[in-house]
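Notes follow once the structure below has been shown.
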Amino acid sequence: MATIADCITRTKRLIHSNTRTELDAIHTGIAVDDTQIRLKYQADGIRAGSYISISNSTTEPETMYVHSRNGEYATVSRGVDGSTANNWVADSVIEVEPRFTGFQIAEAVRDAIRFMPNNLYGVSTTSVSFGTSTQSVACPDMTSTGFFHVLSATRTARSSEDRLLNFNISIQRQTDDTFKVIRQEGLEKAITCNIIYAHPFNISTLDLSTSLETTVGMTNSMIDIPALGAGSTLILGEESLRLDLHSQGDSRTDASVGAGDRTRYSLILQAQYDRRVGEEARRLMSLYGVRNGASASSVFPTTLR
């Protein structure tokens, strides 16, 4: 199952191209309040005034600012640029002056997941049972996942020879944000209604280990989309670096990267993002059809015939 950490790795491949970042590692584990780190490989790029990014597969990335360097030791400010200071174990990776810090990439990935377009959604199944005199039934599953619209509703057969039939229902949202399934036709016997429904992606928890499929609710075919959105956002923001004359030197002039090159690559990623969103939206439509009607107040008209 693809996780947020996997999506961060995918994003790095998109935005780093053929560039490589100097690497080091934590020699000895450090606590949250430690301001001195011991370097395992003593990378030359770690010096006063440089930024480093610390990461591993389980801990949220942290950005540090280096105040001074003394051999294998560096004195740093912890949790800079909005990141949070964490405990780090030995051999955690240090990226030296990375093009994008691990924290920047992680936040861009989370934003891309939080703001996925509405024509993409999670799909879940549930079932409710009606007695002959039951008009509405509470649906805890919809309360748990949220609800957009019904994709399919079928009822148990009238007899052993009968086939499964579409069943007319509507979904009503209550004032306490719970959901009820309302039958729209009479019943001659107790039945079970099987429902396939669309719902928002679950973005309440986006830790590094969060599964994009089982927790967020994406299908396996969607997991490349957040990386494309995150990469486009990050690259577009980097175009402003060309205007920073203080960062130029003998090895970097204003001609080393053509004006607009980063913007053009950002637009390429955005176009790929839009294409993939369109493909997945059409795939959902081909599987479940086009939504009929729109949500109005607390009632979602979803009659199926």
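Only the coordinates and a few stated rules stand behind these numbers; no lab work does. Remember, predicted model here, so these are calculated numbers, not experimental data. In this analysis, Cβ positions are derived from the backbone assuming ideal geometry, glycine residues included, and neighbour counts consider all displayed protein chains.
Quick notes on this one:
- Placed amide H near Ile94: partners under 5 Å, 5+ positions off or other chain: Asp24, Ala25, Ile26
- Reachable lysines from Lys189, criterion Cα separation under 25 angstrom, eight or more residues apart if same chain: Lys180
- Efficiency of FRET from Cβ geometry, Asn70 and Ser144, R₀ 45 Å, rounded to 0.05: 0.25
- For region 21-98, average projected area of the Cα convex hull in nm²: 4.2
- Across every pair of non-identical alpha carbons in region 122-200, the mean reciprocal distance, once inverted, gives a Kirkwood radius of 12.9 Å.
- Close amide-amide hydrogen proximity is noted between Leu39 and His27, Tyr73, Ala74, each under 5 Å apart and 5 or more residues distant or on a separate chain (H modeled in the peptide plane; Pro and chain starts excluded).
- Among residues other than His67 with Cβ under 12 Å from its Cβ, the summed charge is +3 (Lys and Arg +1, Asp and Glu -1).
- Using θ = phi - 60° in the Karplus curve 6.51 cos²θ - 1.76 cosθ + 1.60, the 3J(HN,Hα) couplings for region 143-155 round to 4, 6, 8, x, 8, 10, 6, 7, 9, 7, 9, 10, 10 Hz; x is entered for Gly and Pro.
- Distant-in-sequence amide H partners of Asn86 (H built 1.01 Å from N, under 5 Å): none
- Approximating the spin labels as points 7 Å out from Cα along Cα→Cβ, the Asn87-to-Leu236 distance works out to 4.0 nm.
- Taking label positions 7 Å along the Cα-Cβ direction at both Gln174 and Asp33, the computed distance is 4.8 nm, reported to one decimal.
- Couplings 3J(HN,Hα) of region 33-46, computed from phi: 9, 6, 10, 10, 10, 9, 8, 7, 10, 6, 4, 5, x, 7 Hz, in residue order, whole Hz [Karplus 6.51 cos²θ - 1.76 cosθ + 1.60, θ = phi - 60°; x for Gly and Pro].
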